[in-house]
1. Please go through region 74-149 and write out the trypsin sites (Lys or Arg not before Pro) that DSSP classes as loop and that have at most 10 other C-beta atoms within 10 Å.
2. Dimensions of the chain along principal axes (Cα, Å, largest first)?
3. If you place +1 on the Cβ of every Lys and Arg, -1 on the Cβ of every Asp and Glu, and leave all else neutral, what size is the dipole of the chain about its Cα centre, to the nearest 20 Debye?
4. Remind me, relative contact order of region 1-121 in percent, using alpha carbon pairs under 8 angstrom and six or more residues apart?
5. R0 = 41 Å: FRET efficiency of residue 66 with residue 145, Cβ-based, nearest 0.05?
6. Among the GluC sites (Glu not before Pro) in region 21-87, which ones are in a DSSP loop with at most 15 other Cβ atoms within 10 Å of the Cβ? Mind listing them?
Amino acid sequence: MTAGPVRAEAGHGAWEGVEVLRYKAEGTAPFKDITRQVLFRDPTLACELRYFEVGADGYSTLERHEHTHAVMILHGRGRVLVRDRVHAVRAHDLVHIPPRTWHQFRAEGGAPLGFLCMVNAERDRPELPTAEDLAALRRDPEVASFIRA
Ligand code: MN
């Protein structure tokens, strides 16, 4: 990680000199059209700052884990499931994902959704919902129509 600024490219969606990574290995979990860039990593802070971009039609994995997320929406709009509620999000909203809380992001409005996500450097593996978890989540009709698994 270099010292000093990491410059955003013109428009949005990428930082100069920062590799654009796959969100996760294909086939390990359900997701669609999402990329990842690690913008900041420093062992003395024990956290990482990543940028995710969800394509216009895309969504992140429905998952939960012990580690927390602080998510800052940078551009676009969409909706996010946090625990058992679906919330609309837009630029500059801050979303707190507490420990062991189901979460999933989706872009909406025909444009990509870009957000920063601060996370512990050392973290547990995300857990995917079981059939029982999905049935419980789907008891709420709004959640049922929102989630992709
Ligand atoms: Mn997560």
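Each reported figure results from applying straightforward, stated rules to the coordinates on display, with no laboratory input. All values reported here derive from a predicted model rather than from experimental measurement. Methodologically, a virtual Cβ is constructed for each residue, glycine included, from the backbone with ideal geometry; neighbour enumeration extends over all protein chains shown.
1. Taking region 74-149 and a limit of 10 other Cβ atoms within 10 Å, the loop trypsin sites (Lys or Arg not before Pro) found are 139.
2. The Cα atoms of the chain stretch 49, 34, 28 Å along the principal axes, largest first.
3. It works out to roughly 220 debye.
4. 27
5. On the way: r = 28 Å, r/R0 = 0.69.
Approximately 0.90, to the nearest 0.05.
6. Passing both the DSSP loop test and the Cβ count: 26, 66.
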